[in-house]
Each structure stands twice: as C-alpha cells, then as structure tokens.
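The values are calculated or read from the model by the stated rules, or taken from the named source; none is laboratory data. Only a predicted model underlies this, so the values are computations on that prediction, with no experimental measurement involved. Heads up, the Cβs are rebuilt from the backbone with ideal geometry, glycines too, and the neighbour counts pull from every protein chain shown.
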Amino acid sequence: MKRRYITFLRIIHTGMVNFIRNATLAIAAMAVMMVTLTIILFSIVANATFGNTIKQFTGKINVSVYLQDSVSPAQSKQLTSEISKLPSVRSAQYLSKEQVLKQYVAQNANNLALQQAINETSNPLPATIHIYPRDLNQIKEIESFLLKPANKALQTSDSPSYSGSLKQAIDNITHITNILREIGAVAVAVFAAVSVLIIFNTIQMAIFNRRDEIQIMRLLGASTNYIRGPFVVESAIYGILSAIISVLIINSAFVVSSSTLQATTLGLLDIGYATTYFDSHFWLLLTLQMLIGIVIGAVSSIIATRRYLKFRTK
C-alpha cells in the first residue's frame, strides 16, 4: 500500500513538472479549453435565468372563461371543479359577476369617467373562470376541454381567451431560449472537439520530446500506468486551470454588467437573477467546471498515449 502511495505521488509530481516544462504548448490547449468551459458555464447560468423568467411569466398567464348570464352558480361551480381536476391545470378560480365587477372597478379606480358609466348601467361583465396552466405547452389541452359542446354552451362567444399580451411575450421568450440552447449546444460541441484535438496534439508532442526518456523507462520495467500517468495528470491540470479561469471570466462579466454598466437586464438575460444564481451556486459550478475540464483533458491524454505509445493493457 505504501509503495502504491509513493508511486502515485511520483506520478503527480512528474505530471506537474511536465506541465511546467510544456508551458508554451499548454497555453494553446488551455486557451481553447477555457473558451469551451466558459461557454458551458454561461449556458448553465443563462438557462437557469431564462427558466426563472419563464416561470415568472407563466405564473401570470391564465385562460379566461366567460360564462353566460343564464348559467347558474351550481353549473359554474361544477365546471370549475371539472377544470381543476384536469392534469394540465394548476388551479382554477371562479369569480361571480359581482366579484368581476368589483375587481374591474378596483383596477380602474383612477378612471372617473369609467366609474360613472358603470354606476349608471347594470353590471355588463360576465362571471369568469380564471384557469392557470401547469405548462404553457398544455394550454391547447385546456382549450380542447372547454370547446366541448356541453362546456361551450355555458360560455359566451368570445370565450376562452388568454390574458393580455403575456402569452405572446412568453412564446417569444420560450422560442428565443430554445434557439439559444441549440446554439450553445453546438458551440460547446465544436469547442470541446477542438479542445480534445489540441490537447491530443500537445500530448503527442510531449511524448515525442520525451521519447528517449520513455524508452529508458520501459526498458527499466516501468508499468504502463506509471508512464501514462504523468501525461494524464498534465492534461488534467490544463482542465483545472481552465475551469478556474472560466469561472473568473464569468464572474467578472457579471460584476461589470451589474456595477459598471449598472444594468439589471442584458437583453432577455436578467443580470440580477443571473448574478444571484452564480453566487449561490459558485462552488457547485466551479466543481462542475473542474470535473468537465479534467474529463476532457484526461480523455484526450489517454487517447494520445494509446495511439502513439502503443501500450498494452496490464
């Protein structure tokens, strides 16, 4: 056990020494990997921010069902109960004609002309059921239920309808978010592939430069893992340092955006929420970045050593 521990320490030490020796070659490998990890990190934070924005809008979106004046309270409550039981519905709220009028008056308290007009006429507003969906993609299922002949007979001609312009806003955000996710996925894949190739070539050159040293080690009976180990450690260091730098870049970007530019939003990106999310998940994101960097580096190194050293598995 002690011998394995000493061997492990020697592999780590040799890998760190090799990293310092190949500092010039390492810069190119780290630069590309740093770009890859920065894109990955930004995509994670952006997706979380977009998800929060969509969630906030979703909570305000509802389908309004306007009932005819001839519908009895019992029928209204029964329809509301049936709607509430739909899997796609988060909640359903029934408002009588009186409650709708009271709400309308409160919302237009500053409009004196409208207040006077309402006082001079009978209540023209219909009883309404507000339906809050669990997912905006399931709104069509709710509409299908409401458009059944038995249910449609209880409604006015302009029912059901969405609330205001929020539906269009949420559709735009969802569409743009999906596009950005696809672009981010393609960018990550491209830069990850480039990172693997560059690290692969870097390790290949390191093997070539130390070919005499490696040959002597093999003649002296060094094991496959002992020879391969330093190269894996060296490439893992690329990943660790690249991850740390990428986290610092994203952190600096948020600091500049929120303080120097005094921005609360950057297009669709809510800088305030993104900064809070990044700060609260800092160590998790850093750990994830380091793991991704280590995996990319280690995989590249293992492929390079197997291809160019032609080791046999022992």
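Among the listed residues 194, 190, identify the single one that is over 26 Å from residue 282 (Cβ atoms) and at pLDDT 80 or above. First the steps, then the outcome.
On the way: 194 fails: at pLDDT 80 or above.
Exactly one residue qualifies, and that residue is 190.
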Show the residue pairs meeting these rules: Cβ distance below 7 Å; 6+ apart or different chains; first residue within the stretch 97-114 and closer than 14 Å to residue 69 by Cα and polar (S, T, N, Q); second residue surrounded by 14 or more Cβ atoms within 10 Å (Cβ to Cβ) and modelled with pLDDT of 75 or more.
none
Looking only at the stretch 46-66, and only at residues there that are of a type in the set (Gly, Ala, Ser) and within 10 Å of the chain's Cα centre (by Cα), the one that is nearest to residue 96 (Cα to Cα):
51
For a quick check of your reading of the model, give me the residue pairs whose first member lies in the stretch 141-157 and is assigned to a helix (DSSP H, G or I), whose second is of a type in the set (Lys, Arg) and surrounded by fewer than 17 Cβ atoms within 10 Å (Cβ to Cβ), with beta-carbon atoms closer than 8 Å and at least 6 apart or on different chains.
146/152
Restricting to the stretch 158-172, count the residues that are surrounded by 15 or more Cβ atoms within 10 Å (Cβ to Cβ), modelled with pLDDT of 65 or more and either part of a helix (DSSP H, G or I) or of a type in the set (Phe, Trp, Tyr) (or both).
0
A careful count of residues in the stretch 52-79 that are free of Cβ contacts under 8 Å to residues at least 12 places away in the same chain and not hydrophobic (A, V, I, L, M, F, W, C) gives 5
